[in-house]
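A.B. asks: One structure, pasted below without further comment.
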Amino acid sequence: MNDAEIDTATKAAISELGARVERTNELLQRMLAEVAKTPSTHAIFVDAGYVYAAAGLLVTGTEDRRSFDLDAEGLIEAFIDKARTIFADSRLLRVYWYDGARRRIHTPEQQSIAELPDVKVRLGNLNANNQQKGVDSLIRTDLESLARHRAISDAALVGGDEDLVSAVEAAQGYGARVHLWGIEAADGGNQAEPLLWEVDSQRTFDLDFCRPYITRRAVTVYENEGAPPPSRDEVRFVGAQIAATWLGERGRDALAELLPGHPYLPGPVDQDLLIEAERVLQRSLRGHAVLRRALRDGFWQHLQAQY
């Protein structure tokens, strides 16, 4: 091949390469134009246990769910409105509401929340001490999956547990930004510092924001308070009845968790026992230490007989 032929071949190769580069640039421009047309998407992830405890304590002075009612629909709508303001050029994917339930079976309240538009209820379990189990792992699974598939660009996380740090890191690893939302602490803080350090931004909702969605329940007044108090045997029998129901709802695994603590009951279980006994007896047992001991004795006696 002479010099003229080599020169011609080189020019052809350069021309072909230039054409390829031009086609590649056209494809990139089309992709960028499509991306520009696609709105960013955000989702809200709510740890309901955190919201109940923090908002209840802030508004009513107690974390006990039985002492107040939460307008979940109103609060979720307020979260959506806040996100709409913060992520002005973004659309909402949905709200994820994480809570605990016995055997992961929806309570009537959780069913009503699940029926709300744009809301997905995800349930962990409740152990014998009324503690949530598995909620943090559900949050991590959803956050990581949505970020990995580019389904969201921003995540608003309402929670405070340090165990959520891994969920934040997983989502950020796929390019999503995670914004931590919290409830103003009545005293001190209610969000773990490592979680605060890891997120992309922070926002706290104060008393004025939370107050419309929390209502303290009225104190129960029993009709037969003036009648003679029940006998210890009557109260012990009621304790055994409640134990039978408790065991039927929670199963033998929960019983195995409870037995090592005998003769003491975990606080949440003891409170549930007292409230249910007062409902059955239609009178308060507050201030009746002997009767409360009889109630616990009946509860324990039935459980131990079944083990």
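The values are calculated or read from the model by the stated rules, or taken from the named source; none is laboratory data. Source: prediction; values computed, not measured. For neighbour counting, all protein chains shown are included, and Cβ atoms are generated from backbone atoms with ideal geometry for every residue, glycine included. To get the accessible areas, we keep the full protein, side chains included, count just its heavy atoms, and leave off ligands, DNA and RNA. Shrake-Rupley method; radii C 1.70, N 1.55, O 1.52, S 1.80 Å.
A.B. asks: What is the extension gain from Ser137 to Asp81, computed as 0.36 nm multiplied by their sequence separation minus the C-alpha to C-alpha distance, in nm to one decimal? Spell out each step's value before the answer.
C.D. replies: Numbers: separation 56, 0.36 × 56 = 20.16 nm, distance 2.70 nm.
Value of the extension gain: 17.5 nm.
A.B. asks: Could you check how much of the accessible area of the stretch 80-184 is carbon and sulfur, as a whole percent, using a 1.4 Å probe? Working shown, then result.
C.D. replies: Details: 2150 of 4910 Å².
Result for the stretch 80-184: 44 percent of the exposed heavy-atom area is carbon or sulfur.
A.B. asks: Additional query: Where in the stretch 239-272 does the label zone of Arg286 land, with the point 7 angstrom along Cα→C-beta and an amide N cut-off under 18 Å?
C.D. replies: Within reach of a label on Arg286: 267-272.
A.B. asks: A further question follows. Looking only at the chain, where both bridge partners belong to it, what percent of the DSSP beta bridges are antiparallel (to the nearest 5)? If you can, show how the numbers build up before the last one.
C.D. replies: Values: 5 of 34 bridges.
Within the chain, antiparallel bridges account for around 15 percent of the total.
A.B. asks: Heavy-atom accessible area per residue, the chain, 1.4 Å probe: how many Å²? Working shown, then result.
C.D. replies: On the way: 17210 Å² over 307 residues.
Value returned for the chain: 56 Å² of accessible area per residue.
A.B. asks: At a probe radius of 1.4 Å, what is the per-residue accessible area of Asp163, in Å² to the nearest 10?
C.D. replies: The accessible area of Asp163 comes to roughly 100 Å².
A.B. asks: Assuming R0 = 51 Å, can you tell me the calculated FRET efficiency for the pair Glu115 and Glu22, based on Cβ-Cβ distance, to the nearest 0.05? Let's see the in-between values first.
C.D. replies: Working: r = 54 Å, r/R0 = 1.07.
Efficiency for this residue pair is about 0.40.
A.B. asks: Roughly what angle does helix 289-306 make with the longest principal axis of the chain, taking Cα atoms, 0 to 90 degrees, to the nearest 10?
C.D. replies: The helix 289-306 is inclined about 70 degrees to the chain.
A.B. asks: What would the Debye equation give as log₁₀ I(q)/I(0) for the stretch 242-307 at q = 0.22, 0.27 Å⁻¹, counting only Cα atoms as equal point scatterers?
C.D. replies: For the requested q values the scattering log ratios are -0.95, -1.36.
A.B. asks: OK, next. If packing is taken as the average number of other Cβ atoms within 10 Å across a peptide's residues, how do 44-50, 199-205, 93-99 rank, most packed first? The partial results should precede the final answer.
C.D. replies: Details: 44-50: 24.4, 199-205: 15.0, 93-99: 21.9.
Order by mean packing, descending: 44-50, 93-99, 199-205.
A.B. asks: For a quick check, take a GNM of the chain with Cα springs below 10 Å and name the residue from Arg23, Arg66, Arg236 with the largest mean-square fluctuation.
C.D. replies: Most flexible of the set in this elastic network: Arg23.
A.B. asks: Once you put a point 7 Å from the Cα of Asp163 and another 7 Å from the Cα of Ser67, both along the Cβ direction, what distance in nm separates them?
C.D. replies: For Asp163 paired with Ser67, the spin-label model returns 2.4 nm.
A.B. asks: Related question: When only Cα pairs under 8 Å and 6 or more residues apart are kept, what is the percent relative contact order across the chain?
C.D. replies: Values: 433 pairs, mean separation 53.2, N = 307.
Relative contact order for the chain comes out at 17 percent.
A.B. asks: What accessible area, in Å² to the nearest ten, does a 1.4 Å probe give for Val178?
C.D. replies: Its heavy atoms expose roughly 0 Å² to the probe.
A.B. asks: How far apart, in nm, are the 7 Å Cα→Cβ label points at Arg103 and Arg279?
C.D. replies: Label at Arg103, label at Arg279, 1.8 nm between them.
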